[in-house]
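The values are calculated or read from the model by the stated rules, or taken from the named source; none is laboratory data. This is a predicted model, so every value here is computed, not measured. Positions of Cβ are generated from backbone atoms using ideal geometry, with glycine treated the same way; all protein chains shown enter the neighbour counts. Just so you know, the surface numbers come from the protein's heavy atoms only, side chains and all, with ligands and any DNA or RNA stripped out. Shrake-Rupley method; radii C 1.70, N 1.55, O 1.52, S 1.80 Å.
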Amino acid sequence: MLEPTPVSMRRLALAGVIANTVIMSTGAAVRLSASGLGCPDWPQCSAADIVASKNAGQTLLNTWIEFGNRLLNFPLVIIAALIFIAAWRFRPDGQRRRDLVWLGAAQPLGVVAQAVIGGIVVLTKLSPAAVSVHFLVSAAVVAAAVALHMRCAEIARAAEESQTATVRRDLRAIAAALVAVTSVMLAAGTVVTGTGPLAGDAGVPRYTLPLEGVTQLHADIGWLLAGLSIALVLGLGLSGAPRRAVRAGWIVLAALGSQGLIGYIQYFTRLPAGLVWVHVTGSVLVWIAVLRLFFTVRERGPVNTARTGPAVTVPTRQPEPLDR
């Protein structure tokens, strides 16, 4: 941590990606198990108890699910602090990288922001707008964690091989568009989740929007994502892009296909809470896959630096003159 190498910095950054993904997944489980008010107060669990205890209208299981999600913030804070310290100390070329420091700082700052927003969610009795903001801020912190990990991975590879740009500019533009559309889809997904009979409790506030309309919009964005992904994968394959980029493209395509299938199944089965949790967790994994693809196509690939000796010219045999 105090003297990080490119490899150790990359591993710490990966720990940040995993920790933030877990906290998002467990946060969704809190909402979908009707445990959002298992601890009805903040920062204490209740007005009478700091730790989990049975509260009116909630089972002890609900309380422990909510309180357990809060406890997960402690290891997340520790990991985020270690990442920031390591990013501050990391000097890959003998100098501190300001971009890595900012990405490292985004994680502990994100944890603090999420703690405050989480308190607002509880105090507003699971207002759908507050829940949506809570999810989207988490997605932004995950994006910072993925960006840090990918940049550290690129630094680690750059120490071993010469580099040059390998992916065409137009394909990099499609990858950037894919990130933008995915972020819109995440926002639309929170509106769908906050409109339908979800969150594990029919009594919580909901958006007053037509469920069919917002669901159709969400599905349309998904089809746009699929089209962009197919175009990008085909472009990467036909342009001779590095295998790492092509593989990342196929991962995005597979993740989107699985996510779309689950989305349609949950809609036609009337939104069972367990399947909705799988869909929400899947959306986080799609977000990570899209971000990894974006950074992968922007990476620089290896140059063929194999040295060869001077070319040897083999004299051609001259035809012998004919006897006259």
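With the requirement that a residue be of a type outside the set (Val, Ile, Thr), surrounded by fewer than 22 Cβ atoms within 10 Å (Cβ to Cβ) and in a helix (DSSP H, G or I), what does the stretch 93-104 give you?
Arg98, Asp99, Trp102, listed by residue number.
Assuming Thr208 fulfils every condition listed in (1) in a helix (DSSP H, G or I); (2) β-branched (Val, Ile, Thr); (3) under 30 Å from Val122 (Cα atoms) apart from one, which condition is it?
That leaves (1) as the condition not met.
Counting only residues that are open to solvent by 40 Å² or more (accessible area, probe 1.4 Å), assigned to a helix (DSSP H, G or I) and not aliphatic (A, V, I, L, M), which one in the stretch 163-199 is modelled with the lowest pLDDT?
Here the answer is Thr193.
For Ala129, state whether it is farther than 27 Å from Ala188 by Cβ and assigned to a helix (DSSP H, G or I).
no
As an exercise: evaluate Arg270 against (1) under 28 Å from His134 (Cβ atoms); (2) of a type in the set (D, E, K, R); (3) in a helix (DSSP H, G or I) and give the number of the one condition it does not meet.
(3)
So if I check each of Phe90, Phe67, Phe74, Phe84, which one is in contact with a helix residue (DSSP H, G or I) (Cβ under 7 Å, 6 or more places away or on another chain) and either under 25 Å from Ala29 (Cβ atoms) or open to solvent by 60 Å² or more (accessible area, probe 1.4 Å) (or both)?
Phe84
Going through Ala226, Ala245, Ala273, Ala241 one at a time, which residue ends up being open to solvent by 30 Å² or more (accessible area, probe 1.4 Å) and touching a Leu at 6+ places or on another chain (Cβ under 9 Å)?
Going through Ala226, Ala245, Ala273, Ala241 in turn, the sole match is Ala273.
Considering each of Val77, Val101 in turn, give the residue that is free of Cβ contacts under 8 Å to residues at least 24 places away in the same chain and on the phi < 0 side of the Ramachandran plot.
Val101
Being open to solvent by less than 20 Å² (accessible area, probe 1.4 Å) and polar (S, T, N, Q) is the filter here; which residues of the stretch 248-258 pass it?
None - no residue of the stretch 248-258 is open to solvent by less than 20 Å² (accessible area, probe 1.4 Å) and polar (S, T, N, Q), so the list stays empty.
Could you list, in sequence order, the residues of the stretch 105-126 that are under 12 Å from Ala80 (Cβ atoms) and either outside any helix (DSSP H, G or I) or among the aliphatic types (A, V, I, L, M) (or both)?
Ala105, Ala106, Leu109, Val111, Val112, Ala113, Ala115
Looking at (1) open to solvent by 60 Å² or more (accessible area, probe 1.4 Å); (2) at pLDDT 85 or above, can you tell me which one Val17 breaks?
The single condition Val17 does not satisfy is (1).
Just one of (1) closer than 20 Å to Trp287 by Cβ; (2) free of Cβ contacts under 8 Å to residues at least 24 places away in the same chain trips up Val116, so point out which.
With respect to (1) closer than 20 Å to Trp287 by Cβ; (2) free of Cβ contacts under 8 Å to residues at least 24 places away in the same chain, Val116 is out only on (1).
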